[in-house]
1. Quote to one decimal, in nm, the extra length available between B:Arg234 and B:Leu128 on full extension: 0.36 nm per residue of separation minus the C-alpha distance between them.
2. Starting from region B:68-126, pick out the GluC sites (Glu not before Pro) whose DSSP state is loop and whose Cβ has at most 14 other Cβ atoms within 10 Å.
3. Is the protein assembly as shown rounded, prolate or oblate when judged by the Cα gyration tensor, a ≥ b ≥ c being the square roots of its eigenvalues, rounded requiring a/c under 1.5 and prolate requiring a/b larger than b/c?
4. Could you please report the charge total around B:Glu98, scoring K, R as +1 and D, E as -1 over all other residues with beta-carbon less than 13 angstrom from its beta-carbon?
5. Using Cα-Cα distances under 8 Å and only pairs 6 or more residues apart, what relative contact order does chain B have, in percent?
6. By the scheme Lys and Arg +1, Asp and Glu -1, what is the net charge of all other residues having a beta-carbon under 12 Å from that of A:Gly48?
7. Over chain B, with every protein chain in place, what whole percent of the accessible area is carbon and sulfur at 1.4 Å, could you tell me?
8. Please compute the modelled spin-label separation between B:Leu211 and B:Arg59, points set 7 Å along Cα→Cβ, answer in nm with one decimal.
Amino acid sequence: MTKPLICVPGQRLCILDKTHESGQGTYERQGYIYSSLAGVVDVVDKDGVKVVEVQSTGEQTLVPTQGDIVTAQVTILTQDFCKCVIKCIGNTVLSRTYRGILRREDVCATDKDRVQIYKSYRPGDVILARVLPITEAHTYNLSTAENELGVVIAHSEHGYPMVPISWTQMQCTKMYTKELRKVAKVVPENMNTKT
Amino acid sequence: MSRKELLSKIGLRQDGRRAEELRRIRCKLGVFTQPDGSAYLEQGLTKVLAAVYGPHQVRGGRSKAQHDAAIINCQFSMAVFSTGERKKRPRGDRKSTEISIHLHQALLAAVKVELYPWSQIDVYVEVLHADGGVFPACVNAATLALIDAGIPLKEYVCACTASLANNNVAMVDISNQEETLGGPVLTVVALPMSAKIVHMEMSQRFHLDHLPKVLNLALQGCKDIKAILDDVVRQHVKDIGSSTGWSQTNRKQ
C-alpha cells in the first residue's frame, strides 16, 4: 500500500479539467481543485473521469436533505401527526439525532382521508421514511407514502417482536396477536443494485 | 534596557524577542471527547480552548435558520481567573460580546456554510490565560477545532497582531506587557493562502505612512501561524490515521 497523501483545508490538489472532477471534501476555485477538509486524498475512477475526494479521519457530518431515505424511531403520537427521531440517513448512522415529523396525510399514498395515525404507528416503531422539502426550520417533514416505506421493526404491546403478515398487519411472535401497522416492503439491498 | 522602551537599541523586545518574531505557539487537536471538534492553543502565555458542536438542527429561535446556509453561533468567554484582576463575570460584558461578533465574522469567511442548510454550528471559545492577543488566539484555536470537527473550510483562517515601536519599527504578535506599555495595536484576520483580509481592527491611531509596514508584518505573521498550524494538523491526521490503520480512508478501495 502506498503512503496515504495527507492534505489540509485550502490545499491545492490538482487542476480542474475534463478528466478531473471535484468530489466530496473538495471545492473548485479558479480552475483548480482545493481541499476543504483535513484528511487523505482519494481518487475514484468514475466513467473515465477521475473524481478527487478527501476522506476525513473523523466521523462524517451529515444533514438530511430532501429526498433522502432515513431510518427513524417514532416517539409521540397525536391525531394529526407523529413525531420521530431520525437515527440514520441512508447507510450512515448519525452520531446526533434529528427531530422529524410525519403528518397524517403523508402516511399512505392512497386513501389519505381514512388514515388513522394510531392504526399505522406506535411509539417505539422503527420506520423507513423519505425526507420532504423543508419548509420550517425546526423540524424535518417525513413521508411514508411509498410501498417500500413504513414500519420495519415493531414490538407488540406485550413487548415481543412482531413479523409482518400483510400490508396493514403485523403479528406478535409470542402471543400471536395481530396489530395494525403501515408495513414497509423491505427490499434487499442487492436487488436494488441490479435493477 | 529601560523599562519603558518597546524595542531596545539592539532590537530586542521586553520579552527578548526580535521585532518580527512570534511567541511560541503550541497546540493540540481533539482535547475533548464530548464535542465534535476541539482544540487547545497556547500563544506565548495566552491559553485558549475551543470546542465545536455541529452541524446540528437549529435550537431556540427558529426564525434564525437559513434555507441556504448554516448559521454559526459563536460564544467567547474569559475564565474569571484569566486576567491579573479577577473578572466579575466570564461572558456577557461588552468586550466579550464584541469579540464573539468578530469571531463570527472571521469564521463565516472560511466555513463553507452553504453545504449545511437549515443547520447550526456552535463554536465555544474559552480563554484560560490572557496575555495579549486574545482575539487572534481565539480565531486560531477555533480554526483548529473546526478542522478537528471535520467541517469543510475554504482554507485556514489565521489572525495576528502587529504594532509600531519607537514610531518607526513594526512589531508582530503583541504581548500583554507591550499592550499596556502603549502603542497602537493592529489586529488582522486573514486567509493566508489566498492573501485575503477578513477583518482588521485598530486600537489607536498612527500615521498612515506606517500602515503598509505594520499591515505587511501582520499578514506575514498570519502566514507564519498558518505554517505552524499546518504542521500540527498534518501530524494529527497522521496520528489518527495510523492508529486506526487508515481504515476509514480505504473503505472504498
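The values are calculated or read from the model by the stated rules, or taken from the named source; none is laboratory data. Everything quoted here is computed from the prediction, not taken from an experiment. When we count neighbours, we look across all protein chains shown, and the Cβ atoms used for this are built from the backbone with ideal geometry, even at glycine. Surface areas here come from the heavy atoms of the whole protein model, side chains and all, with no ligands, DNA or RNA. Shrake-Rupley method; radii C 1.70, N 1.55, O 1.52, S 1.80 Å.
1. Result for the pair: 35.6 nm of gain on full extension.
2. B:Glu85
3. Here the protein assembly as shown falls in the prolate category.
4. +1
5. Worked out over chain B, it gives 20 percent.
6. Overall, the nearby charge balance is 0.
7. Roughly 51 percent of what the probe reaches on chain B is carbon or sulfur.
8. 4.3
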